[in-house]
Amino acid sequence: MKRYLSTKNTFTIAILWSIVLLMLLLLYLGLREQHLTLLPIGMISVVIAMVAWVLLDTRYVIKEHFLLYRSGPFRGRIDIAKINKVKYFSGMFVPVTMKPALDTKGFIITYNNYDDVYVSPQKSDIFLQELLKINPKIEIVS
């Protein structure tokens with residue numbers, strides 16, 4: 001089992017931590033003024049927990065013949081034998097729906113012909129080598 005943490009873009013991390021700090025400030029001010037009911041306290045707490053969870057737990061694991069990804073509560077599993085293509089991508093707006101990554105530079109992995117996911121593993125060269133060991137038919141696009 002090989003584990004890879006997500007690389008982190010400073011801009012992305014700053015925005016997400018700013019959201020957490022702003023929500024904590026709102027929660028503090030609301031509790032101090034004693035105007036918040038249980039519902040807003042719960043909603044703000046859930047947002048804080050979700051964003052912090054994504055920040056602290058975004059990683060990828062190659063286990064047997066599967067690529068497992070997780071970003072907070074968002075998780076998935078890809079059969080490496082079904083991966084068709086891995087394309088390097090750099091940019092703010094990634095053209096995929098599932099993006100368990102904290103960086104703007106990473107890989108778009110296409111599998112099952114039409115499904116794709118964006119990942120940004122540390123040690124990306126080793127990550128690609130491990131995928132190719134399991135499925136040497138993967139097309140690598142720079």
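Quick notes on this structure:
- Between D115 and Y28, the modelled label-to-label distance comes to 4.3 nm, taking each label 7 Å out from Cα in the direction of the beta carbon.
- Mean sequence separation of contacting Cα pairs (under 8 Å, at least six apart), scaled by the length of region 37-142, corresponds to a relative contact order of 22 percent.
- Counting heavy atoms of the protein chains alone, E130 has an accessible area of about 20 Å² for a 1.4 Å probe.
- If both residues of a DSSP beta bridge must be in the chain, then about 85% of such bridges are antiparallel.
- Of the DSSP H helices in the chain, those whose Cα atoms cover at least 30 Å axially and whose Kyte score averages 0.5 or more: 10-33
- The stretch between K8 and K87 holds 26.6 nm of extra length on full extension. This uses 0.36 nm per residue minus the Cα-Cα distance.
- Qualifying trypsin sites (Lys or Arg not before Pro) for region 3-49 [loop in DSSP, other Cβ within 10 Å: at most 15]: none
- Solvent-accessible area per residue for the chain (1.4 angstrom probe, square angstrom): 62
- Solvent-accessible surface (1.4 angstrom probe) belonging to W17, in square angstrom, nearest 10: 100
- Options A81, N112, A49, ranked by Cα towards positive dipole end of region 38-116, top entry (Cβ charges): A81
- Protein-only accessible surface order, largest first, of Y69, Y60 at 1.4 Å: Y69, Y60
The values are calculated or read from the model by the stated rules, or taken from the named source; none is laboratory data. None of the values given here were measured: they were computed from a predicted structure. Using ideal geometry, Cβ is built from the backbone for each residue, glycine included, and neighbour counts are taken over all protein chains shown. Keep in mind that these areas ignore ligands, DNA and RNA; they rest on the heavy atoms of the full protein, side chains included. Shrake-Rupley method; radii C 1.70, N 1.55, O 1.52, S 1.80 Å.
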